[in-house]
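Structure first, then comments.
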Amino acid sequence: MLPPGKIPIDILKEVVFKNLGTPRREVILGPRAGVDSAVLDLGDKSLIASMDPITGAVERIGWLAVNVNANDIATFGVEPAFLFSCLMLPEGADKSMVEAICTQMNDAAKELGMAIVGGHAESTPALTHPIVVGCAMGITPKGKYVTAAGAQARDKIILTKSAGIEGTAILASDRATELQKALNTAELKKAGDFYRKISVVKDALTAYRTGGVHAMHDPTEGGVAGGIHEMADAAGLGVHVFQDKIRVEPETAKICSHFNLDPLQLMGSGALLIAVEAEKAEETIERLRQGQIQAAVIGEFLADKTQRLLTLKNGEVLALPRPASDHLWKALSRQ
């Protein structure tokens, strides 16, 4: 039986990636582990396209769908421009649910300068909560982009903002009653407002335009730990990460403690992982800070791909955990 969330990487390689239809010359970059977008050749332009569903959230699902998909385009150093969406609504859904989701999507798209250009909407039998699947696209001069697979040995790993942002926001909204036992009213409200941090478009474009960036990736399912593994897998590298360098906001820490979750394995949209030349790391951090974006070097990539290390705050060195399933699902599965 599959775990909740993303299909395990071995099944992707053994099944999904072996069933990709007809090869076409326009496909410069197709499906690949750790890389969230495709690249298509449009002559003197490159089209970046990506798709993501929002399945674990009910509140603000439309707003999330736009931002999470836009993030995947921005991690290529490209401005997101277009969005297709598929709305799958539960049995008994009414006009007010459609309006709420579509209004959220409209507001989010306007904030990012994106056009919603098509899609599909339906009431789906046996569905218990809404699901929104998005497909975002951006256009850039030919070859002017980076991918999550471009990290190089000795590159520094920069993390913007903090770990577990999206998971914190979802749990603060969808499990608010239970979390009143662990957080006071002000803390719970602040945690719910983490939704406002979920866009990494500004983070990614700022870093890319600074120069020296080899790869970027937004850690979604599997959190920061999963995102780092995905970048290392895609580049065939190892990593060494330092726990004390990874920012965990107090609200995230309290929620994770209540549900017995690891913040490094909690859904992390809103943070950005950046692989940058060591000589450009401090300049990149300074540019991000000038844009009011928190950022810190949390480790580096290693040439030995078998080395996936996490140094704990007490100095102990362990294997960097590879999430079998995002820890958000552990919390949401509790009754």
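What is the residue count in the range 74-105 for residues that are part of a helix (DSSP H, G or I) and in contact with a helix residue (DSSP H, G or I) (Cβ under 8 Å, 6 or more places away or on another chain)? Walk me through it before giving the result.
Here is the first cut: in the range 74-105, the residues part of a helix (DSSP H, G or I) are 74, 95-105.
From what is left, the residues that are in contact with a helix residue (DSSP H, G or I) (Cβ under 8 Å, 6 or more places away or on another chain) are 74, 100-105.
Of the residues in the range 74-105, 7 are part of a helix (DSSP H, G or I) and in contact with a helix residue (DSSP H, G or I) (Cβ under 8 Å, 6 or more places away or on another chain).
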Exercise. Of the residues VAL201, VAL241, VAL248, which is assigned by TED's automatic domain parsing to the domain that holds ASN314 and either without any contact (Cβ under 8 Å) to a residue 24 or more places away in the chain or in contact with a strand residue (DSSP E or B) (Cβ under 7 Å, 6 or more places away or on another chain) (or both)?
Worked result: VAL241
For this session: Mind counting the residues in the range 238-259 that are of a type in the set (A, V, I, L, M) and surrounded by fewer than 24 Cβ atoms within 10 Å (Cβ to Cβ)?
Result: 4
Exercise. Which ones in the range 106-131 are touching a strand residue (DSSP E or B) at 6+ places or on another chain (Cβ under 8 Å) and of a type in the set (D, E, K, R)?
Worked result: GLU122
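Assess whether ALA65 counts as being buried (at least 23 other Cβ atoms within 10 Å of the Cβ), part of a loop (DSSP other than H, G, I, E, B), in contact (Cβ under 8 Å) with a residue 12 or more places away in the chain and in contact with a helix residue (DSSP H, G or I) (Cβ under 9 Å, 6 or more places away or on another chain). Give the derivation first.
Values: buried (at least 23 other Cβ atoms within 10 Å of the Cβ): yes; part of a loop (DSSP other than H, G, I, E, B): no; in contact (Cβ under 8 Å) with a residue 12 or more places away in the chain: yes; in contact with a helix residue (DSSP H, G or I) (Cβ under 9 Å, 6 or more places away or on another chain): yes.
Against the criterion (buried (at least 23 other Cβ atoms within 10 Å of the Cβ), part of a loop (DSSP other than H, G, I, E, B), in contact (Cβ under 8 Å) with a residue 12 or more places away in the chain and in contact with a helix residue (DSSP H, G or I) (Cβ under 9 Å, 6 or more places away or on another chain)), ALA65 does not qualify.
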Exercise. Would a scan of the range 165-178 turn up a residue that is without any contact (Cβ under 8 Å) to a residue 12 or more places away in the chain and of a type in the set (S, T, N, Q)?
Worked result: yes
Exercise. Among the residues of the range 213-223, is any more than 23 Å from LYS245 (Cα to Cα) and surrounded by fewer than 24 Cβ atoms within 10 Å (Cβ to Cβ)?
Worked result: no
Exercise. So is ILE28 without any contact (Cβ under 8 Å) to a residue 40 or more places away in the chain, closer than 24 Å to GLY77 by Cβ, surrounded by 10 or more Cβ atoms within 10 Å (Cβ to Cβ) and among the hydrophobic types (A, V, I, L, M, F, W, C) or not?
Worked result: yes
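Mind listing whichever residues of the range 58-71 are closer than 15 Å to SER199 by Cβ and of a type outside the set (S, T, N, Q)?
Looking only at the range 58-71, we keep the residues that are closer than 15 Å to SER199 by Cβ, and these are 60, 62-71.
Once the filter is applied, which keeps residues that are closer than 15 Å to SER199 by Cβ and of a type outside the set (S, T, N, Q), the range 58-71 yields ARG60, GLY62, TRP63, LEU64, ALA65, VAL66, VAL68, ALA70.
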Problem set entry | Qualifying positions in the range 109-121 - out of contact with any Leu (no Cβ under 8 Å at 6 or more places or on another chain) and crowded, with 19+ Cβ neighbours inside 10 Å | LEU112
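Find the residue count for the range 146-195, including only residues that are among the hydroxyl-bearing types (Ser, Thr, Tyr), surrounded by fewer than 22 Cβ atoms within 10 Å (Cβ to Cβ) and in contact with a strand residue (DSSP E or B) (Cβ under 9 Å, 6 or more places away or on another chain). Write out each step before concluding.
Going residue by residue through the range 146-195, those that are among the hydroxyl-bearing types (Ser, Thr, Tyr) are 147, 160, 162, 168, 173, 177, 185, 195.
Right, trim to surrounded by fewer than 22 Cβ atoms within 10 Å (Cβ to Cβ) and you get 173, 177, 185.
The next check asks that each one be in contact with a strand residue (DSSP E or B) (Cβ under 9 Å, 6 or more places away or on another chain); those that pass are none.
Selection size over the range 146-195: 0.
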Problem set entry | Residue match in the range 15-33 (condition: under 30 Å from ASP107 (Cα atoms), touching a strand residue (DSSP E or B) at 6+ places or on another chain (Cβ under 8 Å), assigned by TED's automatic domain parsing to the domain that holds CYS135 and not in a strand (DSSP E or B)) | no
For this session: Output the number of residues of the range 34-61 satisfying the condition of being farther than 27 Å from THR103 by Cα, touching a helix residue (DSSP H, G or I) at 6+ places or on another chain (Cβ under 7 Å) and part of a loop (DSSP other than H, G, I, E, B).
Result: 1
Exercise. Going through the range 260-286 one residue at a time, which ones are surrounded by fewer than 20 Cβ atoms within 10 Å (Cβ to Cβ) and either more than 16 Å from LYS156 (Cα to Cα) or of a type in the set (Ser, Thr, Tyr) (or both)?
Worked result: ASN260, ASP262
Exercise. Out of curiosity, is ALA319 surrounded by fewer than 17 Cβ atoms within 10 Å (Cβ to Cβ), in contact (Cβ under 8 Å) with a residue 60 or more places away in the chain and not charged (D, E, K, R)?
Worked result: no
Exercise. Hey, which of the helices (runs of 4 or more DSSP H) in the range 166-229, taking only ones fully inside, have at least 1 residues that are of a type outside the set (Asp, Glu) and closer than 15 Å to CYS256 by Cα?
Worked result: 176-179, 185-192
Exercise. Considering only residues of the range 93-105 that are without any contact (Cβ under 8 Å) to a residue 24 or more places away in the chain and not aliphatic (A, V, I, L, M), which is nearest to LYS202 (Cα to Cα)?
Worked result: GLU99
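The values are calculated or read from the model by the stated rules, or taken from the named source; none is laboratory data. All figures in this text were calculated on a predicted structure; none of them were measured in a lab. Every residue, glycine among them, receives a Cβ derived from its backbone with ideal geometry; neighbour counts consider all protein chains shown.
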